[in-house]
Amino acid sequence: MRRMNVKRRDSVALSSRRTEIMKDEKILWEYNDQTLAEIDKERNLFTVHEDVLDGRFRNRLKLDDKTGTLTITDIRSEHSGWFFISSKYFNVDFRLSVLNEMSVMEGESVSLSSDLTELKDEDLIRWRFGDEETVIAEIDVKTNRFSVFEDVLDGRFRDQLKLDQTGSLTIRNTTINHGGLYLLQTRDGNHTIALRVDVALSSGRTEIMKDEEIQWRYRDKTIAEIDKKRNLFTVHEDVLDETLRNRLKLDDKTGTLTITDLRSEHSGWYSLSSDYFSILFSLSVPEERSVKEGESISLRSGLTELKDEDLIRWRFGDEETVIAEIDVKTNRFSVFEDVLDGRFRDRLKLDQAGSLTITNITFNHGGLYLLQTRDKSNTIILNVKDESSVMEGQ
């Protein structure tokens, strides 16, 4: 089964994985048990059925008569669901999720709509989050049970979820840990919402002085600046391998810098300076990783080499306990396996680039890992799954 996420109005090609259809081959494309397209190579027939399902695919299907690949154009939410291609030689399942994109500023609330006006007697509604599709909220109308599961995923949703009578989900006091994919499962099908949490690095000013010059820097590079006297307002999005391209918004009145569509590579130190003040911000954007209990995982440092003065630390948990450290100056590679009741004993290994491998994973190893290097600090959220929970998420 192949999972595919696509934005509304985009196109997607559901690949047959074939370079050429066999001479005697018949290929059938189905969507939610309805025939969408078919090929009979022997009879030289190539057919698309655009009028099925109330015509939701009309003028949107393109069938490649050489490979059998099906392209869907101008995607809408109602095109989410299961697609199946089959012939006597192969078959492939696709699950297509059409993303409804939303954004919210960190600290604000956001409501994810179910698009339902009322709930029916047999309805079972679930909200899932993240790559593992962890259930975070559920309504069972038959038993009149409204449930939010706030302690999953290291408690990042604790005291922040609220369900209403139509199944819509409100997230209060959002943080960057709440950004990601939300899957809503209802009687009408599945809908996926991509929630983007934007962060504003506030200057703390209500207005810039007339003669003031302000400069924003990240990793020792200037990324934005204001020269109020000359009326110049500039963002430098092409520095640092364009990692910040189309993501910076500079408030020309206050000097506040907003970063949108955050990724883990945007973690690090941001500095704001002017003639009258300076502020240092540490921004940590978590990367999510999953592993099954009993397996091993390598948490990458993102470094290709270590420099002479480097001091690298791996920390774990809410208390940020140091569990591993590299001091290049003294050539000392250390793992602290006896901390935290010895849960990491005989399980940690550091490599020459500062990456940390954890072997024979248990549930006690799930949580927040903080990497501190010369350039930045990165946070990794490690989710440990058993076999049954992985299957449920799929």
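Here, each number is a calculation from the coordinates, and none is a lab measurement. None of these values were measured; they are calculated from a predicted model. Every residue, glycine as well, gets a Cβ built from its backbone with ideal geometry; the counts of neighbours run over all protein chains shown.
Data table
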item	result
Estimated distance in nm for a label pair at GLN352 and ASN173, the labels positioned 7 Å out from Cα along Cα-to-Cβ	4.7 nm
Cross-link partners of LYS23 among lysines (Cα-Cα below 28 Å; sequence separation of 8 or more within a chain)	LYS41, LYS62, LYS66, LYS88
Relative packing of 335-346, 315-326, which averages over residues the other C-beta atoms within 10 Å, highest first	315-326, 335-346
Stretchable slack from GLU265 to THR117, in nm (0.36 nm times residue separation minus alpha-carbon distance)	49.2 nm
Percent antiparallel among DSSP beta bridges (both partners in the chain, rounded to 5)	85 percent
Hydrodynamic radius (Kirkwood) for region 34-86, which is based on Cα pairs only, to one decimal in Å	11.9 Å
Area projected by the alpha carbon convex hull of the chain, averaged over all directions, nm²	25.9 nm²
Overall Cα dimensions of region 202-283, principal axis frame, Å, largest first	35, 21, 20
Estimated inter-spin distance, GLU50 and GLU150, nm [label 7 Å along Cα→Cβ]	5.1 nm
Region 287-393: projected area of the alpha-carbon convex hull, averaged over directions, in nm²	6.8 nm²
Estimated distance in nm for a label pair at ASN5 and ASN364, the labels positioned 7 Å out from Cα along Cα-to-Cβ	3.3 nm
3J(HN,Hα) from dihedral phi, region 271-279, Karplus parametrisation 6.51/-1.76/1.60, rounded to Hz, x for glycine, proline	10, 10, 9, 8, 5, 10, 6, 8, 9
Extension reserve of the ARG332-SER298 stretch, reckoned as 0.36 nm per residue once the Cα distance is removed	10.2 nm
Among ILE226, THR243, LEU201 the positive-end extreme of the charge dipole of region 121-269 (Cβ point charges)	ILE226
Förster-model FRET efficiency, 41 Å R0, ASN59 and MET105, C-beta, rounded to 0.05	0.60
Sequence of VAL141, VAL384 once ranked by neighbouring C-beta atoms within 10 Å, starting from the fewest	VAL141, VAL384
Of every Cα-Cα pair in region 106-198, the percent that sits beyond 22 Å	21 percent
Part-to-part distance (alpha-carbon centres) for region 61-131 and region 282-315, which is given in Å	33 Å
Most fluctuating residue given options SER290, SER278, SER377, as computed from a GNM of the chain linking Cα atoms under 10 Å	SER278
Vicinal HN-Hα couplings computed from phi for region 51-59 (Karplus, 6.51 cos²θ - 1.76 cosθ + 1.60; Hz; Gly/Pro x)	8, 6, 6, 6, x, 5, 9, 4, 6
Under 14 Å from the GLU42 label point (7 Å along Cα→beta-carbon), backbone N, region 70-105	88-89
Computed magnitude of the charge dipole of the chain (debye, nearest 20; Cβ of K, R +1, Cβ of D, E -1)	640 debye
Structure-based [θ]222 nm, the chain - -39500 (n - 2.57) summed over DSSP H runs of at least 4, per residue, nearest 500	-500 deg cm²/dmol
